[in-house]
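Visitor: Before anything else, here's the structure in question.
The values are calculated or read from the model by the stated rules, or taken from the named source; none is laboratory data. If you're wondering where the values come from, they're calculated on a predicted model, not measured in any experiment. Positions of Cβ are generated from backbone atoms using ideal geometry, with glycine treated the same way; all protein chains shown enter the neighbour counts. Note: accessible area is taken over every heavy atom of the protein model, side chains too, but ligands, DNA and RNA are not part of it. Shrake-Rupley method; radii C 1.70, N 1.55, O 1.52, S 1.80 Å.
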Amino acid sequence: MLQCFRNCLRTSSLSTILLQYRILCPQLLVCLVHLHFGGFSSTATSITSYFLKMNLDGHVQDPENKEYSSVCVGREDNLKKSGRMTAVVHDREVVIFYHKGEYHAMDIRCYHSGGPLHLGDIEEFDGRPCIVCPWHKYKITLATGEGLYQSINPKDPSAKPKWCSKGIKQRIHTVTVDNGNIYVSLSNEPFKCDSDFYATGDFKVIRSSS
């Protein structure tokens, strides 16, 4: 096997050979590289560390982007039956809703005071489906995470209240469905949301069994 590996090195680029052997068996690749380059030298260690991080398409994984990779949180049929589920995605607690044929995910605690949104009701305000926080009745749009409120012109007593937006207050995450499984990818939007404050370990509402 080692001789075959060395013969391949003469006719192909090192990157091509390492990638091919990695697909077959990462552990075998480590052994072959170390044997070829003479023990556990710095060269062998560097090469194997680099290529074992590669995806099958040859791209190196960025460890900083790991927290934004999608995570399977449950089955589609179960979510459709219950209408909602909770999950921990890369140590961030989220709630996933299924409402009128659409999937939505957001931070589980309300941006206002950390209320448990997974216990709230879904209602429509100004034609927009919202989750209503059970603690203080704050209204958050499912699609965008905007905080809605009613305002009225105090100088016009006859004016009717109208719905207005406070802007994005609750961080929204991406939901995808593949082969009956529900996946959630955390938002990597650079702006800060008010709900970020309650997305830390001190405010967790989902407790592990351990």
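Visitor: With over 19 Å from LYS81 (Cα atoms) and open to solvent by less than 10 Å² (accessible area, probe 1.4 Å) as the only criterion, which of ASP107, ASP126 stands out?
Guide: After applying the criteria, what remains is ASP107.
Visitor: Across the stretch 169-196, which residue is farthest from PHE125 (Cα to Cα) among those that are open to solvent by less than 30 Å² (accessible area, probe 1.4 Å) and hydroxyl-bearing (Ser, Thr, Tyr)?
Guide: Among those that are open to solvent by less than 30 Å² (accessible area, probe 1.4 Å) and hydroxyl-bearing (Ser, Thr, Tyr), it is SER185.
Visitor: Does LYS166 satisfy being charged (D, E, K, R) and surrounded by 11 or more Cβ atoms within 10 Å (Cβ to Cβ)?
Guide: When the stated conditions are applied, LYS166 passes them.
Visitor: Also, quick follow-up: Please determine, by comparing only the residues of the stretch 118-159 that are in contact (Cβ under 8 Å) with a residue 12 or more places away in the chain and small (Gly, Ala, Ser), which one is nearest to VAL95 (Cα to Cα).
Guide: My answer is GLY120.
Visitor: Residue by residue through the stretch 70-117, note down the ones that are free of Cβ contacts under 8 Å to residues at least 60 places away in the same chain and outside any strand (DSSP E or B).
Guide: Hits for the stretch 70-117 are ASN78, LYS80, LYS81, SER82, GLY83, LYS100, GLY101, SER113, GLY115, LEU117.
Visitor: Moving to a separate point now. Mind telling me which of the residues LYS155, LYS166, LYS160 ends up being farther than 22 Å from SER82 by Cα, part of a strand (DSSP E or B) and charged (D, E, K, R)?
Guide: From the options LYS155, LYS166, LYS160, the qualifying one is LYS166.
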